[in-house]
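Everything on this sheet refers to the single structure shown next.
Rule-based calculations on the coordinates, nothing more; no lab input. Because the structure is a prediction, the values reported are computed rather than measured. FYI the Cβ positions are ideal-geometry reconstructions off the backbone, even for glycines, and counts take in every protein chain you see.
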Ligand code: 44T
């Protein structure tokens, strides 16, 4: 806002300024001309400078020049970007926004640049502003949806919808404040809810801190809307960066916090509480001193402490995501693969790139789980005892011997905790509780599977390192003998048994004396061979490797295609004469038409079929193709560790090294564009595109890639898959609603929070397990649309599909998945049990009441790879509607 003293000056200046200034006008018109000329000559930098001058001197030209100015800016920004002049790029955008502060297109484009460079918070701010200026601006909306999940994680909705948790925290805070804790700091305030509870309970002073900018801004909005702006002082800070009196005037008597993740310590609660005790909290109350200081003079923390529990579990789902469970797929032996690991490991040698645990909601894990031990107590921690907090990392490793209660494969240790808010009240995050919490999962990474049975004892080490709780299965004690699980465990030099790999989904066979002998031998052998390099693959890459059906299907489709093409080549070369018009350039590039090239008999490479796999991540498909005679396969696997594995597998499967190449190596060396085949200009026989992301969404720019790919195919060549069919189903699912927005009309604990956080609602949910989603099916599955990758002219689809409701209910969501059609005969479904893909769902806003027999009209839109849907009851005669199809 300009202040009062500047206004008249501006006015005077404008008044003094003659309306018509010929010199100025001359400059404006010359600069405008130069700008247009430079634009025409594609000299965008100079054009941009001229436009800046013009529009600063003659703001009335803004409307006239807006389009060309934007165009110039975007072109110039692309150029700056391509040469890495990031600072200059953002300076240009800032200058542009000074001229056009409310231009949603410029805001959105700046957001896109920010996002690509990793400034997610700032990017989101720009998309948000663009959307506020123009709510029906689809590009900004898509971009906003893309970042909203990062900015405001979905668990915020779950936690705010968890009434039990909210009430327990509120009661504990109210009690503490009523007992005299009148100065409060809320660490990691999120939406501001706990701070507001303290204020409402009557605390004299309330401070709050939040490290995420988006959440901080949200908390400020929420607190203001609840009339507490002056009552709660919110800081955009990490608690560890706060000091007295710089940030808060004095130490506080109560810290409230819920900075805990599924593994309890993952949000850094230990470090932040140690810091708080040293710098932000009043001294603790000495509990055994009856005459101790009054609560307003001492400090305490809510939650007061926690107890961590663990349990050994069998789960096929965990196993197939963390261990290789197959020795052969798609005709390839994987024996030579070496040791594979998922990035989740808490063994002694795990480096910093490893996560110690992953998370799962065990109650919803596909295939279920079996508890192999009773829950055991792994750790107790008192948050009001700073010495205990400080001693945690140096605590001695605790070795537990856990009786095995049920027969099964040891796949993971699952961990949860009880959060003691105060002496009377606690929250549990256990797998049997009806809460929003997930459990921490410590998968067993042992390459061999471990069959446990009642009577065994599982030896588990519990320790704390780098402020993470670490649980490690060390050994199994059976009949007085120790069977080692951790290859690095060295106290027992005489390993006795590890079993051979078992298939992912097969039930664990009961161990027989023979099998035990075999495993003992296998164990000995593993022990004696030199340690091989461990290759780390993403969990979804491991699940893909374990997917037999996927590889079998590709094998079959590849077989059909490559055999057919080879035969066709053989025929044409035996019939047709050598083509005399073939020319070879000095660089060795042959430049005839593809058909002519195939008949240039001299070069043995002419008979080759070229296969390109541009899948994201690790893929065995090029190896499978290269096993065919006359095929040269290109893999786009980038990491050298992964390339080594492929080379090793090639060797072991009889694929000559010349038959497998790494495409990006080639592309870098020869500076070629991706998808253009190197060295020769003959065309590809097959190109594999990765269509669906693990999260369940169509990959971005898929259709652009597909249309490019189909132009690069030789006659008879193929893009894999040739098409994908999207299926969906009408469901009623409260769970999906609880994850997508704060539900209900009731204020949360009496506070007005929902409208603010619900701005971050995103209609598409990803990483869903449809097989275990708590929902009622209200229709059969129905085909929603087909993407033809061989005729990829359009990159969007708009369709209305009629679906018949099979039961009455409230349609809250439409989960969707894909049938990936490799050729007319062979397909894979992203919904299958052994798929590495998850599903996604559109949550309908608002939801739709249906009666059994109603026809529902689903408007499905695919724009630039993002799917949106809306539903209404179809009042017309719907007999011609889409017929239900099975996946
Ligand atoms: N997720 C639970 C973890 N913060 C909750 O920025 C349970 C996950 C979960 N601010 C499914 C279900 C559930 N100083 O906004 C965050 C974070 C902030 C801090 C300032 C600090 N030292 C910190 C540390 C964290 O605190 C907020 C809450 S963290 C809670 C994590 C529903 N999946």
D_trans [Stokes-Einstein, Kirkwood Rh over alpha-carbon pairs] for segment 410-469, 25 °C, 0.890 mPa s, µm² s⁻¹: 171
Once fully extended, how much extra length lies between residue 388 and residue 23, figured as 0.36 nm per residue of separation less the alpha-carbon to alpha-carbon distance? 123.7 nm
Alpha-carbon centroid distance for the pair segment 41-73 / segment 94-146, whole angstrom: 20
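Taking each pair of distinct Cα atoms in segment 722-799 once, what is the resulting Kirkwood hydrodynamic radius in Å?
On the way: mean 1/r = 0.0636 Å⁻¹.
Final number for the Kirkwood radius of segment 722-799 is 15.7 Å.
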Evaluate E = 1/(1 + (r/R0)^6) for residue 66 and residue 466, where r is the Cβ-Cβ distance and R0 equals 56 Å; express this FRET efficiency to the nearest 0.05. 0.60
Kirkwood hydrodynamic radius of segment 151-224, Cα pairs, Å: 12.6
If R0 is 35 Å, what FRET efficiency do you get for residue 286 and residue 759 from their C-beta distance, rounded to 0.05? 0.15
What is the distance in Å between the Cα centres of segment 312-387 and segment 780-832? 33
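Could you tell me what percent of the DSSP beta bridges with both partners in segment 235-378 are antiparallel, to the nearest 5?
Values: 6 of 12 bridges.
The antiparallel proportion sits near 50 percent.
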With a Cα-only, solvent-free Debye model of segment 334-375, what are the log10 I(q)/I(0) values at q = 0.17 Å⁻¹? -0.77
Give me 762, 83, 206 sorted ascending by neighbouring Cβ count inside 10 Å, so fewest comes first. 83, 762, 206
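Report the extension gain between residue 133 and residue 701 in nm, rounded to one decimal, defined as 0.36 nm multiplied by the number of residues separating them, less their alpha carbon distance.
This chain segment gains 201.8 nm when fully extended.
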For an R0 of 30 angstrom, estimate the FRET efficiency from the Cβ-Cβ distance between residue 746 and residue 807 and round to the nearest 0.05. 0.60
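Sort 59-70, 161-172 by packing, meaning the average of other beta carbons within 10 Å per residue, with the highest value first.
Working: 59-70: 14.2, 161-172: 18.1.
Averaged packing, sorted descending, gives the order 161-172, 59-70.
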In whole angstrom, how far apart do the alpha carbon centroids of segment 189-215 and segment 460-487 sit? 41
For segment 296-370, what is the convex hull (Cα atoms) projected area averaged across all directions, in square nanometres? 9.2
Please compute the Kirkwood hydrodynamic radius of segment 603-658 from all pairs of different C-alpha atoms, in Å with one decimal. 11.5
Once Rh is set to the Kirkwood radius over Cα pairs, what Stokes-Einstein translational diffusion coefficient, in µm²/s, holds for segment 86-130 at a temperature of 25 °C and a viscosity of 0.890 mPa s? 242
Cα-only Rg/Rh for segment 116-246 with Kirkwood Rh rounds to 1.04
Once you have the alpha carbon radius of gyration of segment 88-171, what is it after dividing by 2.2 N^0.38 Å, with N set to its residue count? 1.40
How big, on average over all directions, is the shadow cast by the Cα convex hull of segment 20-104, in nm²? 5.5
Tell me the volume per residue, in Å³, of the convex hull enclosing the alpha carbons of segment 177-262. 92
Would you kindly compute the Cα radius of gyration of segment 787-866 and its largest Cα-Cα separation (Dmax), both in Å? 15.3, 40
Burial ranking of peptide ranges 437-447, 110-120, 250-260 (average Cβ count within 10 Å, highest at the top): 437-447, 250-260, 110-120
Stokes-Einstein at 37 °C, 0.692 mPa s, Kirkwood radius from Cα pairs: D for segment 687-752 in µm² s⁻¹? 206
Using square roots of five times the C-alpha gyration tensor eigenvalues, list the equivalent-ellipsoid semi-axes of segment 187-236 in whole Å, biggest first. 16, 11, 8
Residue 297 paired with residue 204, simple spin-label distance in nm, labels 7 Å along Cα-to-beta-carbon: 1.4
Testing the spin-label approximation: label points 7 Å from Cα along Cα→Cβ at residue 556 and residue 433. State their distance in nm. 4.7
Using only the Cα atoms of segment 328-419, what do you get for the radius of gyration and for Dmax, in Å? 18.0, 60
Percent of alpha-carbon pairs separated by more than 24 Å within segment 710-842: 45
A chain fully extended from residue 616 to residue 46 at 0.36 nm per residue, minus the present Cα-Cα distance, gains in nm 201.3 nm
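For a protection proxy built on the mean count of beta-carbon atoms within 10 angstrom, sort 180-193, 231-244 highest first, please. Intermediate values should be presented prior to the final figure.
Working: 180-193: 25.8, 231-244: 17.6.
Ranked by mean Cβ neighbours within 10 Å, highest first: 180-193, 231-244.
What do the square roots of 5 times the Cα gyration tensor eigenvalues come to for segment 339-485, in whole Å, largest first, as semi-axes of the equivalent ellipsoid? Don't skip to the end; give the middle numbers.
Details: eigenvalues 124, 75, 56 Å².
Ellipsoid half-lengths, sorted descending, are 25, 19, 17 Å.
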